[in-house]
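Structure first, then comments.
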Amino acid sequence: MMKKVNRITILLLLIYCFCISGYGQYFPGKEWQTKTPKELKINSVLLDSAVQLAKKAENKVNRDLRIAIIEAFSREPNFEILGPVKPRGGPAGMVIKDGYIVAKWGDLERVDMTFSVAKSYLSTVAGLAIDDGLIHNIDDKASQYVWDGTFDGAHNAKISWKHLLTQSSDWYGQQFGLYDWADRPPGEGGIDDWRKRELHEPGSHYKYNDVRVNVLAYSLLQVYRKPLPIVLKEKIMDPIGASSTWRWYGYENSFVNVDGLQMQSVSGGGHFGGGMFINTYDHARFGLLFLRQGEWKDRQLISRDWVKSVQKPSEAYGAYGYMWWNNSMGDWKGVPEHIYYAAGFGGNYIIIDEKNDLLIVTRWMDNSKVAQFVQLVLESLKK
């Protein structure tokens, strides 16, 4: 009897290891397989309703993104576009269930700007630096690694990698001609008020700020000592089978000397131009990697611990983790709290639902319609 029980226990353990290892799960090769809603027991009517909503709910930002950027940020003091910009396409996206494409719309191969979705790619490079032992602890002070003056001063010296990742550092200073106080300044007051603002203790106050995000990118460049797009390409994008069409840019003035070589420090968004330019298929591969908890086929490309960490609410602002958003504060009404996502200006999203093995990628969707769209997709799974 005891031997039988032991055999059953061992069998169950093997099944469990098989399931969590990723074996038996579908991963796309060069061509991504499609399945019909019927094959995956999805309500095709509700799913089609979601797709039709996505097609019709185009974001209102101007398709000439130079105009869109200036319209959004021109009130910032001395605002200037410093990085590449290209006109955008129309609505596009994919719904992926159990790894298979069950719905798609728009031009999926078009390379478009993705704005702050780039922050989630940047966060991934930070995770790789942790995995590689280049950063020993997320709570280490950044000044221990970057000693060139970027973190000089009593306040900036307190800033940790965690503070930079959760946008709660309140780093102050100037980088590549951009001042922290000039990025999304308060609605009241003027330059003198903004310059003399009171500093918040690192970790205590959330503020969305691309200048500080770029400080993180610059700091990671100093840690890796090679361009971050190369790090991402070698460690993530090539292994997941991404195309060769994506690009990650910085600014025309963000080239720095690293070990005697000129390298561009990339930006974590398109606020001042630049950032990640990528097609929808490649976005989806990146999202699937996180849906699979950092594993691709038989390789753990980024640690499971990191994938879990990015989606946890931060102390400074619960809806924000390590440059990924979450729904823990119920910002998307009617959508489960466990869903987390990357988000960028103009309605760019990578939405991950581990419980339902579901991935959604949308481009240029009206932000006010995203929650309704996700609700429809989730309802379609309840057939």
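The values are calculated or read from the model by the stated rules, or taken from the named source; none is laboratory data. As the structure is a prediction and not an experimental result, all values here were calculated from the model. Positions of Cβ are generated from backbone atoms using ideal geometry, with glycine treated the same way; all protein chains shown enter the neighbour counts.
Here are 298, 238: which of them is among the charged types (D, E, K, R) and modelled with pLDDT under 95? Full working, then the answer.
Numbers: 238 fails: modelled with pLDDT under 95.
Residue meeting the stated conditions: 298.
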Can you tell me how many residues in segment 172-223 are free of Cβ contacts under 8 Å to residues at least 60 places away in the same chain and under 21 Å from the mean Cα position of the chain (by Cα)?
7
Any residue at all in segment 323-330 that is touching a strand residue (DSSP E or B) at 6+ places or on another chain (Cβ under 9 Å), part of a strand (DSSP E or B) and more than 27 Å from residue 139 (Cα to Cα)?
no
Identify, please: which residue in segment 155-209 is of a type in the set (Ser, Thr, Tyr) and assigned to a strand (DSSP E or B) and is, among those, surrounded by the most Cβ atoms within 10 Å (Cβ to Cβ)?
160
Of all the residues that make up segment 62-76, how many are within 20 Å of residue 268 (Cα to Cα) and assigned to a loop (DSSP other than H, G, I, E, B)?
2
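Going residue by residue through segment 139-147, is there one that turns out to be in a helix (DSSP H, G or I) and of a type outside the set (Gly, Ala, Ser)?
Yes.
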Flagged pairs (Cβ under 8 angstrom, 6 or more apart or on separate chains; first in segment 239-268, assigned to a loop (DSSP other than H, G, I, E, B); second among the small types (Gly, Ala, Ser) and loosely packed, with under 14 Cβ neighbours inside 10 Å) are 241/29
Has segment 298-321 got at least one residue that is surrounded by fewer than 21 Cβ atoms within 10 Å (Cβ to Cβ), among the aliphatic types (A, V, I, L, M), at negative phi and without any contact (Cβ under 8 Å) to a residue 12 or more places away in the chain?
no
Just one listed residue, out of 343, 316, 371, is closer than 29 Å to residue 69 by Cα, out of contact with any Leu (no Cβ under 9 Å at 6 or more places or on another chain) and in a strand (DSSP E or B), and it is 343
Which condition number does residue 78 fail, the rest of (1) surrounded by fewer than 20 Cβ atoms within 10 Å (Cβ to Cβ); (2) modelled with pLDDT of 95 or more; (3) not β-branched (Val, Ile, Thr) being met?
(2)
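Let's see how each residue does on (1) in contact with a helix residue (DSSP H, G or I) (Cβ under 7 Å, 6 or more places away or on another chain); (2) part of a strand (DSSP E or B); (3) within 23 Å of residue 56 (Cβ to Cβ); (4) without any contact (Cβ under 8 Å) to a residue 40 or more places away in the chain:
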site: 276; (1), (2), (3), (4): yes, yes, no, no
site: 334; (1), (2), (3), (4): yes, no, yes, no
site: 359; (1), (2), (3), (4): yes, yes, yes, no
site: 375; (1), (2), (3), (4): no, no, yes, no
Does residue 126 meet the test of being crowded, with 22+ Cβ neighbours inside 10 Å, touching a Phe, Trp or Tyr at 6+ places or on another chain (Cβ under 9 Å), in a helix (DSSP H, G or I) and among the small types (Gly, Ala, Ser)?
yes
